[in-house]
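Notes for the one structure printed next.
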Amino acid sequence: MYRNLSLALAAALFLSIGIVSCKDEKKETGSTATGDPKVDKLKLPSGFKAERLFGPSENNDGSWVSMTFDDKGRLLASDQYGYIYRLTLPAIGDTTTKTSVEKLLFPNDPLVANDTSGKKISIGFAQGLLYAFNSLYVMVNNLHNEDLQRKSGLYRLQDTDGDDQFDKITLLKSMKGDGEHGPHSVILSPDKQSLYLVAGNHTDIPPMDAYRLSSNWKEDNLMPLFTDPNGHAVDRKAPGGWIAKTDPEGKSFELISAGYRNSYDIAFNDVGDLFIYDSDMEWNFGLPWYRPTRILHATSGSEYGWRTGTGTWSPVYPDNLPAFLNVGQGSPTNFIWAGNAKFPEKYRHSLLAFDWSFGIIYSVTATPEGASYSSKAEEFISGTPLPLTDGVIGPDGALYFLTGGRRLESDLYRVYYDGKLAEKQTETVVTEESKIRRQLEEYHSGGPKAGAVDFAWPYLKHADRFVRYAARIVLEHQPVKEWQDRVLAEKDPVTLIQGAVSLARQGDPSVKGQLLHTLAGINFGSLSESQQTDLVRAIELTIVRMGMPDAAGKAEIIAYLDAQYPAKNNELTKELVKVLAYLEAPNVVEKTVPLLAAAKDDNSSGQKTFMESSDLIMRNPQYGMDIAGMLTSVPPAQQTYLAIALSNTKTGWTPELREQYFKWFYNAFSFKGGHSFRGYVNNVRKKALENVPKAEFAHYNTLSGDSIASLSGYQGLANAPKPKGPGKRWTVENATPLLDSLKGRDFENGRAMFAATMCLSCHNMKGEGGTSGPDLSQLGTRFSAKDILEAIIDPNKTISDQYGATTFFLKEGGSIIGRLVKEDDNNYSISQNPFAPQILREVPKNSVVRTRVSEISPMLPGLINPLNSEELKDLLAYLVANGNKDNPIYSEK
């Protein structure tokens, strides 16, 4: 049985295609030579210096992912899978004092006091730490590890007897969720009176005492739902990741914002506006619902529209908000406001965004614009590899940051400015629009308030989107009876549309017919393109929330929308086609199929990233050519969306239209998208085939590419070359010396060994191979040859959440092992065959006594043992080069 790599190889999943360039040129330098190669490899702006203060991995203290400073200037940090540590650091410029490190053991904790094994951990596994209110707040991220005695949640640690040791641990809020999409950061509010915490989309929202965002969230999408073909987040429902607020004692919790995928951190700027750095789903690259990593302005009651699979909302929808900055691909981790840094003004007055995948800290300037901000971003600090996990501005004004995560090599750095600083400091201006938004947000909490509807109503048609959004949320916090009739009687089209969005979400279905008729009475041509999209979205929400209209209402909406379809921009076209297809409009197939060949992608969704692909190609030969290769065959997202929208349509087909439609799928398999692109296309193809006459199924199945859709790396192994050998039992110790001679190796033999060792069966390299494991096309970009070697030899060292197996212990004895893909109230659905991951086995929950995350990797060790030393060097060079024969490693001797 062939297995997928863990640690660095599984982490390669997050490295699909990324863009790490900056639009504004600035002078960047390597760190001044220090004698420490890890420091010297850093790229810093002029005037900055760096120090490496401690290496947790070197001292067997784990891989650190979170930190905070206490009131005595000491640093507290946590291992991702272990203890919390307290460090006393040397001052800037002190080259003689060493960092002292104390492991916090809590020996009087009754949960560990009688432990004789030495394995039990009182508290740790923290992905968020905050020292405030004479306490250490800890966001524990763990549900399954039996060594840690506390499960996921927010905890408060206190020193009650003044001996400088925490002796009281209080659980403030339990959370159901863990792993890379679990509970993450906790920060202090600007007024220093409250705590804000953030969690990823695999963390259920716990019961809250108050909700800024109405808690009746739903998927709210008429698009045919297809979930990830590789099983990621298939059972995760609205509203995804979330932000909450609480008091120091954790007595009351309030939901602030939601709709995120997986944000690790949040930050307030100097005027109290909250920002969040959200992740992408890199497997979806090239698909119409792909959203890059984004920085978002997390206003009161905001929703950002993450949903599983094809259900993800477009950022143009009026019931969610647009990004403050679309960054690009990567893996966001830390996010801080640099206001307390002793840096030059342009860096001090910025947000610092950390990307784990590409080892870059971005400096992002927020300039007030309307009720929100415009952005300007540039690269601040970078290194290769530099897997950034957390950072904080210290009491000395320096930036402290950690690298590590997933048990990678971990280090603590300090970066400070060594030049003269200007005395003048910029303050962010609060615009008039922001003042209005904040006034409206006062009505988002505390229950219904007299005069709220009258105050908010004029702002439903405000020119600023954030003001309109805030006004609409005000309505949704007031009794519907106070504003329902006002919506239905409204004559201003913009006010009517915004009010209709709220009424669809909060109103009684009995007004469905009247609401749709009122919306269909709006002069469509008098609206701007964005207003037109808002109108169609209001119609969609009315249908999805209140149900299918009656025959007359259905005919009226079809006639109204069909006259506008197709539109001049892609976003409006997408909104129109899915509603018309859902309603089985008689002309939708005839109008849409020709677009499959003609539709071109545009930027009407507003998701253009600040990094240009061409900049990356020119700046970084290491992986720039890989980006260039991807750009030669990027999937047509608009065409893909149209094909999916028609997948469940049963009327309006002719033989000619079906021929054109199913031919599109055959061609689509040739495009190079993310890890899930091919699987999505195939699942949509299969769904569409359900609607063809049985007698014609075989024809359309062949025409649509069944023969190429079913190909996998496993079929390609039949003719795979065999190693010459003789092999040996490779260990890290006897293989590490080979790493010194990887230059000038044999590319073709390395490629052959990639197949010979069966890597090809599960992994994809530059468009070739299987899909049950991560794509390795960017592996060498972020990880060293030694990391790769260690991951192959010891695959159990770290097992990624997305590839790990679960052991199910059965009542009748014995156990079942498989990758848990989804679960419902009655069954676990698991995948056991890496060659056919889509085949799921149902395990009844009532037959299972308990479950445990397996500590054994799905990848077997020893796969390289048949190779001799020359073959192993060729394979390692091939992996380091990302399968690119033009990589400099092959031209160097």
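Secondary-structure-derived ellipticity at 222 nm for the chain, considering helices only, amounts to -7000 deg cm²/dmol, per-run term -39500 (n - 2.57) for DSSP H runs with n ≥ 4. Summing +1 for each Lys or Arg and -1 for each Asp or Glu among the other residues whose beta-carbon sits under 12 angstrom from that of residue 573 gives 0.
Label sites at residue 189 and residue 832, each approximated as a point 7 angstrom past Cα along Cα to Cβ, lie 5.2 nm apart. Coordinate range of the alpha-carbon atoms in the chain per principal axis, descending: 79, 68, 63 Å.
Its alpha carbons give region 217-283 an Rg and a Dmax of 15.3, 45 Å. With the biggest extent put first, the Cα atoms of region 368-490 measure 62, 41, 25 Å across the principal axes. Computed from the C-beta positions of residue 491 and residue 846 and an R0 of 60 Å, the FRET efficiency is 0.55 to the nearest 0.05. Distance cut-off 32 Å, Cα to Cα: go down the list 41/722; 245/461; 151/786; 512/608 and report the pairs above it. In this structure, 41/722; 151/786; 512/608 lie more than 32 Å apart at Cα.
Neighbours of residue 161 by Cβ distance under 11 Å: Lys/Arg scored +1, Asp/Glu scored -1, total -3. What you get for region 151-289, charging only the Cβ of Lys and Arg (+1) and of Asp and Glu (-1), is a dipole of about 520 debye around the Cα centre. When 297, 517 are compared by accessible area of protein heavy atoms, the largest-first order is 517, 297, using a 1.4 Å probe.
Taking packing as the residue-averaged number of other Cβ atoms within 10 angstrom, the listed peptides 106-113, 133-140 run from highest to lowest as 133-140, 106-113. Of the complete DSSP H runs in the chain, those spanning 15 angstrom or more by Cα along the long axis with a mean Kyte-Doolittle score not below 0.5 are 493-506, 551-562. In this simple spin-label model, placing a label point 7 Å from the Cα along the Cα-to-Cβ direction at both residue 634 and residue 133 gives a separation of 4.7 nm. Convex hull volume of the Cα atoms of region 526-588, normalised per residue: 78 Å³.
Remark on region 290-344: Rg and Dmax equal 13.9, 45 Å (Cα only).
Solvent-accessible area of residue 191, all protein chains in place: 100 Å² (probe radius 1.4 Å, heavy atoms, ligands and nucleic acids excluded).
The values are calculated or read from the model by the stated rules, or taken from the named source; none is laboratory data. Bear in mind that the values here come from a model prediction, so they are computed numbers and not experimental data. Reconstructed Cβ throughout: ideal geometry from the backbone, glycine too, with neighbour counts over all protein chains shown. Ligands, DNA and RNA are stripped out before the accessible areas are found, and what is left, the full protein with its side chains, is counted by its heavy atoms. Shrake-Rupley method; radii C 1.70, N 1.55, O 1.52, S 1.80 Å.
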